[in-house]
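A quick write-up on the structure given underneath.
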Amino acid sequence: MRTGTRSASRATASSMVVVAALALVGVQAGAATASAATKAAPVTCTAANTRLTVTEVSRPINHLLLKATNTGTKSCYAYSAPFLRAGADAQAPLAWVEESIPQAVVTLEPGQSAYAGISTYSPDGEGGSTVKTLGVLFTDRNGSGTDKEKTLNLPNGGTFFNSAAAVTYWQDDAADALTW
């Protein structure tokens with residue numbers, strides 16, 4: 001009886017060692033996969049990992065083009081539309097052009113750019129003034145603002161904005177951004 005018990009105990013112990021070894025290999029492989037996925041996963045585009053520029057365009061009239069270029073080493077997501085503040089004393093961000101929502105989030109590989117079209121005024125708008133700066137704040141996947149605002153100088157020493165001013169969602173093509 002003792003011999004049978006010893007053999008069973010040895011078999012059980014051997015099985016437990018094999019199971020533990022396989023579990024350890026699985027955990028290590030899982031950790032390596034998770035680590036690789038974390039390194040490759042895109043991050044949210046922010047003022048820290050992009051270069052922002054704003055330029056005047058000839059067509060359509062009363063429009064500016066905002067360009068965000070990924071200067072980081074990882075891909076980044078340009079979520080929704082940027083929060084824009086026209087002038088230092090603006091009390092609310094420009095409205096987003098809902099019709100401009102792209103089919104997917106714009107993903108920027110290092111060196112690639114995203115674009116947002118800015119309609120600065122319309123005859124339907126009210127009031128208005130010439131402003132010299134544009135405050136830009138990226139959005140995260142939840143639609144909230146990210147990190148710090150980046151302030152850009154507007155072309156020609158200033159641009160006229162009225163209550164009808166609006167910005168498109170991020171687009172992967174400048175022509176698409178200026179459609180609205």
Per DSSP, loop trypsin sites (Lys or Arg not before Pro) in region 108-162 with at most 12 further Cβ within 10 Å | Arg141, Lys148
So how much accessible area does Ile61 have, in Å² to the nearest 10, using a 1.4 Å probe?
-> 120
Working out 0.36 nm times the residue gap between Glu109 and Ala90, then minus their Cα-Cα distance, what length gain in nm do you get to one decimal?
-> 3.6 nm
Region 32-180 - convex hull of alpha carbons, volume per residue in Å³ | 110
Run the dipole for region 55-138 about the Cα centre, Lys and Arg Cβ at +1, Asp and Glu Cβ at -1, nothing else charged, and hand back the magnitude in debye, nearest 20.
-> 340
Positive dipole terminus of region 78-180, leading residue within Thr151, Tyr169, Ser113 (C-beta point charges) | Thr151
Given the protein chains as shown and a 1.4 Å probe, how many square angstrom of Thr107 are accessible, to the nearest 10?
-> 60
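Could you please report the charge total around Thr168, scoring K, R as +1 and D, E as -1 over all other residues with beta-carbon less than 13 angstrom from its beta-carbon?
Taking every other residue near Thr168 into account, the sum is -4.
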Counting only DSSP beta bridges with both residues in region 27-179, what percent are antiparallel, rounded to the nearest 5?
-> 90
Between Thr50 and residues 5 or more places away or on another chain, the pairs with built amide H atoms under 5 Å apart involve Thr71
Exposure of Ser163 as accessible area (Å², to 10), given a probe of 1.4 Å and all protein chains = 80
Taking a crude spin-label model, label points 7 Å out from Cα along the C-beta direction, the Asn156 to Ser144 distance in nm is 3.9
Which residues' amide hydrogens lie under 5 Å from the amide hydrogen of Ala95, considering only partners 5 or more residues apart or on another chain, with H built in the peptide plane?
-> Val167
Counting only heavy atoms of the protein chains, get the accessible area per residue of region 98-162 (1.4 Å probe) and round it to a whole Å² value.
-> 57
So how do Phe160, Phe138, Phe83 rank on accessible area, 1.4 Å probe, biggest first, that is with the largest at the start?
-> Phe160, Phe83, Phe138
For Ser58 and Thr179, calculate 0.36 nm times their separation in residues minus their Cα-Cα distance, and state this gained length in nm to one decimal.
-> 42.2 nm
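The values are calculated or read from the model by the stated rules, or taken from the named source; none is laboratory data. Because the structure is predicted, anything quoted here is derived from the model rather than measured. Cβ: placed from backbone, ideal geometry, glycine included. Neighbour counts: every protein chain shown. Ligands, DNA and RNA are stripped out before the accessible areas are found, and what is left, the full protein with its side chains, is counted by its heavy atoms. Shrake-Rupley method; radii C 1.70, N 1.55, O 1.52, S 1.80 Å.
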